[in-house]
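**Student:** If you scroll down you'll find the structure; I have some questions about it.
The numbers here are math on the coordinates, done by the rules we state, and not lab data. Just so it is clear, the structure is predicted and the values come from calculations on it, not from any experiment.
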Amino acid sequence: MADTRLNLTQAAKAAGITRRTLYNHINQGKVTASRDEKNSPVIDVSELIRAYGNVNLPVKKIPTLTHRENTHKNYTPDALSDVRKELAELKEAVTLMLEDKTAREEERRRGEDERRQLQEEVKRLGEQLEQEKARGLWSRIFAGRKPR
C-alpha cells in the first residue's frame, strides 16, 4: 500500500493553513502527528481529513508516454485489478470518514443547542428565585390566601 503520510509542509499546504498554525494544532492536540523512519514529523492524510475536512493533496506529475508504456508492461492484469480494488476501498473509506465527521458535527450542534436551552432555563429559574427572595416574608406567607 502506498505511503499516505505527508511532511508538515505538505500537510499544511494540503489543509490550506500555515505551518505555524499546523504546529499549534499539533501542540493543542487537534491534530496527531507521528514520526517517520528519519524521525521527521509526518501526518497521515486520514488525520488531515478528520481534522480539516476536504484537503487538497499534492498531485504527481503526469508520467511520460514511455513511462506509461513501461508501467503497463510491468503490471500484470491481476496487479492492476488489485490496485483498482484498493483504490475503490480507499474512496469508500474517505466517504465514510466524511459522513462520520458530518454526523459528529451535527451531534455537537445538537448538544450545543441543548446546552444553550438549559442555560436559558437556569437563568430564568434564577431570576424567579431572586424575585421570590425580593418579596417580603408576609407577602410570601399570605400569597395564596384571600382577604376576608
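**Student:** Relative contact order for the stretch 1-59: what percent, with Cα pairs under 8 Å and sequence separation of 6 or more?
**Tutor:** Worked out over the stretch 1-59, it gives 42 percent.
**Student:** Still on this model: Bin width 5 Å, alpha-carbon pairs only: give the P(r) of the stretch 1-59 as whole percents, running from 0 to the bin holding the largest distance.
**Tutor:** Going out from 0 Å in 5 Å bins, the stretch 1-59 shows 4, 20, 35, 27, 11, 3, 0 percent.
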